[in-house]
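Below is one structure, written out as structure tokens, with a few remarks after it.
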Amino acid sequence: MNKPQLLILMIPVIFFSLTVHEYSHGKIAFLLGDNTAKLLGRLTFNPFKHLDLMGTLFFCFVGFGWAKPVPVNPDNFERPRRDMMYVAIAGPLSNLTLAVIFSFVIRIIEPSDNAILFALLSFGVYVNVALAIFNLLPVFPLDGSSVIKGLVPLDMAARLGDLDRFGAILLIGIFLMDFFAHTGIIGYVLWEPIMFVVQFLSQDAFAELSQVLMFIFFTLKG
């Protein structure tokens, strides 16, 4: 299987995972009283409403990426700090849920009889675990930033908010260094926790799953 064929198979997995992540943000915000996402057409499973082109390309060629953030207005919440934390954690939790479902299926099918399905589900486990862990980093604009602000005292949350303007610049700088200079910073920080969770979820199927992932990564980067 060559790179174009592999991308045709893998991109729908990425689209679906990113869409569920962003929809979950919008749905929880709606349930907590904010209809901003719904009014802007983001409370949908249409992937093209959520995708960020650069973020999708990074997922294909770097292994980590992002979608277009769902707009949320904290002023519509009864308890803004708490509710923003709930909205933020909804995305990573939705991806962990998908990873659990996919990992359950790969443990009950036979890889040799369902090679393509096994490959798609294996990649789906990795993508969703990677999305969950990456987004839980406590750096704005990632979800972990809002989670931390909802847990710490108000004065500390305010100080963290003052640093938000540097978060996006930091992340973009790290991504660019990884992409062009091959520094591997993101991979160094996240690879081990991601693979630990993937192994925990896949159990006896981890050996076959890891072989599939290595084939996918080497083919995409080849």
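The values are calculated or read from the model by the stated rules, or taken from the named source; none is laboratory data. None of these values were measured; they are calculated from a predicted model. Here the Cβ positions follow ideal geometry from the backbone for every residue, glycine too, while neighbour counts run over all protein chains shown.
Just a few scattered comments:
- Among the residues making up the range 50-80, those that are at pLDDT below 90 and not in a loop (DSSP other than H, G, I, E, B) are Leu53, Met54, Gly55, Thr56, Leu57, Phe58, Phe59, Cys60, Phe61.
- Residue pairs whose Cβ atoms lie under 6 Å apart, separated by 6 or more positions or on different chains, with the first residue in the range 148-167 and free of Cβ contacts under 8 Å to residues at least 40 places away in the same chain and the second not polar (S, T, N, Q), are Ile148/Pro138; Leu160/Lys149; Asp164/Phe140; Gly167/Val139; Gly167/Phe140.
- In the range 146-190, the residues that are crowded, with 17+ Cβ neighbours inside 10 Å and either within 17 Å of Ala130 (Cα to Cα) or among the charged types (D, E, K, R) (or both): Lys149, Leu171, Phe175, Asp178, Ile186, Leu190
- Listed by first and then second residue, the pairs linking a residue in the range 197-222 that is surrounded by 14 or more Cβ atoms within 10 Å (Cβ to Cβ) to a residue that is at pLDDT 90 or above and not in a helix (DSSP H, G or I), with Cβ atoms under 8 Å apart and 6 or more places separating them unless they lie on different chains, are Ser202/Arg107; Ala205/Arg107.
- Restricting the range 85-123 to residues that are of a type in the set (Gly, Ala, Ser) and over 20 Å from Phe45 (Cα atoms), the residue that is surrounded by the most Cβ atoms within 10 Å (Cβ to Cβ) is Ser122.
- Screening the range 141-155 for residues that are assigned to a helix (DSSP H, G or I) and of a type in the set (Val, Ile, Thr) and picking the one that is nearest to the chain's Cα centre (by Cα) gives Val147.
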